[in-house]
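The values are calculated or read from the model by the stated rules, or taken from the named source; none is laboratory data. A quick note: this is a predicted structure, and the numbers were derived from the prediction, not measured. All Cβ positions, glycine included, derive from the backbone under ideal geometry; neighbour counts span all protein chains shown. The area values use the complete protein model at the heavy-atom level, side chains included, leaving out ligands, DNA and RNA. Shrake-Rupley method; radii C 1.70, N 1.55, O 1.52, S 1.80 Å.
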Amino acid sequence: MTDAAIPVTQSAVERFTDRYLRSLGCEIERQDERWAVNVPNGLDSELLSGGVTLICSDDADDGDLEPLHPESSFFQQLISEASEQTPTGRIAIGANDVEIQAPEWLQESDVEIRSVDFAPYYDRTAIVVLFQVGIETVSEYQTELLRTVAVDAQSEEILPTLEETFLEITSLDNETASSKQAKVETTEVRPLLDIAREQLIDRIGETVDDVHQNASRAADAEVEEYRQMQQQRIEELEEKDSRLASRIEELSGRTNSDEEDERLEALKKRKELKAERQEVDAELTDLRRRRDQGFPERQREIRERHALEIRLEPLTLTEVEYERGEIEFELTSEDSTHVVTLGYGSGVGVTEEVSCHACGRTFDRQNILYCLNNGLQCETCGN
């Protein structure tokens, strides 16, 4: 399964920010890592109100500088603002806009593709949703992702190859990409958006598990550190209790003194120490009880602080019109030639599965085409 993602690198952040700010009419004066952004009068932007000076780093000691990096609040707000400005759009992908994409089982094969002919029959529509994914704990772990999911509007089929094509066409390096007003209705979009969200949840499962494991390890370490601290406190109190007991016993012997002043002083001091020992015993009893229970309240507090918060926010939705039809691959291997005709979409790739003529296993990345003996055969059957 593909993981169509926009790498949120520092260079990508800077290129996006530069392009977006200039599209708003802002002027940017650069001096090393500092960007002085002059905002035109009348620009409706709370984020840029009055201008701003950016520092392309996460180390900004000057309070007047706004850090610009993938995790910075400025960049996150800029992404949100940009998506609010243009939340929807429409692009068309024709046969002439993208290269023909052979399936992986054919790309990795030693069988030669002699010729390719794509015949588009009709147009289809898909939506491509750009999601901002936030996976974080309140304590320390935070992961920001940008992910796309493409869904065919008619069949509700997930189109992973179209996601990659969309990212290539709309990348910051592609100056020719342009978008028009979307035509799709809100009532049509809602079920497709739900499908895209469910697909995204499945895809980020491994990433969520990784972050969860890191957070769990951090929580375990903090719980153990707290347990050791409390055990140390218990040992200190036990030692103090022993000293107090010895001191009280010593004073008890002095309460029988013939000297009244000494006897009264001993009684007074013993009373004070007994009160202090009662406080020590009470704290010690409480600590032992909580230790035997595993410090449940503290554990709960630590676990809650390290719990994951996952945000899936659709930033943009693009309606993609693409051509669909049939593609013909003429294949040759040694003295054999075979013509394969398959369903195909521009920017989408082959839309149907092909099986080995001998064993019936579906061709894929692991089970590639091996030879053309009596039809298409996989490696297991061809040897």
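Can you confirm whether GLU328 is in contact (Cβ under 8 Å) with a residue 60 or more places away in the chain, outside any helix (DSSP H, G or I), closer than 30 Å to GLY345 by Cα and open to solvent by 40 Å² or more (accessible area, probe 1.4 Å)? Criteria met by GLU328. Consider segment 3-37 and keep the residues that are within 15 Å of ALA82 (Cα to Cα) and open to solvent by 80 Å² or more (accessible area, probe 1.4 Å). The one that is modelled with the highest pLDDT is ARG22.
For segment 109-118, indicate whether the set of residues that are in contact (Cβ under 8 Å) with a residue 60 or more places away in the chain, exposed (fewer than 14 other Cβ atoms within 10 Å of the Cβ) and part of a loop (DSSP other than H, G, I, E, B) is non-empty. Within segment 109-118, one or more residues are in contact (Cβ under 8 Å) with a residue 60 or more places away in the chain, exposed (fewer than 14 other Cβ atoms within 10 Å of the Cβ) and part of a loop (DSSP other than H, G, I, E, B). Pairs linking a residue in segment 335-357 that is under 27 Å from ILE169 (Cβ atoms) to a residue that is among the polar types (S, T, N, Q) and open to solvent by less than 10 Å² (accessible area, probe 1.4 Å), with Cβ atoms under 6 Å and 6 or more positions apart or on different chains, are GLY347/THR165. Applying the condition of being outside any loop (DSSP other than H, G, I, E, B) and touching a helix residue (DSSP H, G or I) at 6+ places or on another chain (Cβ under 6 Å) to segment 127-142 and asking which residue is modelled with the lowest pLDDT yields THR137. If you filter segment 331-382 down to residues that are hydroxyl-bearing (Ser, Thr, Tyr) and farther than 21 Å from ARG114 by Cβ, you find that the one that is most open to solvent (accessible area, probe 1.4 Å) is THR380. Provide a single number: the residues in segment 292-333 that are over 30 Å from ARG147 (Cβ atoms) and in contact with a helix residue (DSSP H, G or I) (Cβ under 6 Å, 6 or more places away or on another chain). Selection size over segment 292-333: 3. When ALA196 is tested against the conditions (1) free of Cβ contacts under 8 Å to residues at least 60 places away in the same chain; (2) under 40 Å from the mean Cα position of the chain (by Cα), the lone failure is (1). With respect to the stated conditions, GLN213 fails to be loosely packed, with under 14 Cβ neighbours inside 10 Å and touching a residue at least 24 places away in the same chain (Cβ under 8 Å).
A single member of GLU84, GLU144, GLU136, GLU71 is open to solvent by 10 Å² or more (accessible area, probe 1.4 Å), in contact with a Pro (Cβ under 7 Å, 6 or more places away or on another chain) and over 23 Å from GLY347 (Cα atoms), and it is GLU144.
Applying a threshold of 8 Å to beta carbon distances and a minimum spacing of six or more residues, or different chains, the list of pairs starting in segment 288-310 at a residue that is touching a residue at least 12 places away in the same chain (Cβ under 8 Å) and over 25 Å from THR207 (Cα atoms) and ending at one that is assigned to a helix (DSSP H, G or I) and open to solvent by 80 Å² or more (accessible area, probe 1.4 Å) reads ARG290/GLU297; ARG291/ARG227; PHE295/ARG227.
Could you identify the single residue in GLU276, GLU259 that is of a type in the set (Asp, Glu) and over 26 Å from GLU236 (Cα atoms)?
The unique qualifying residue is GLU259.
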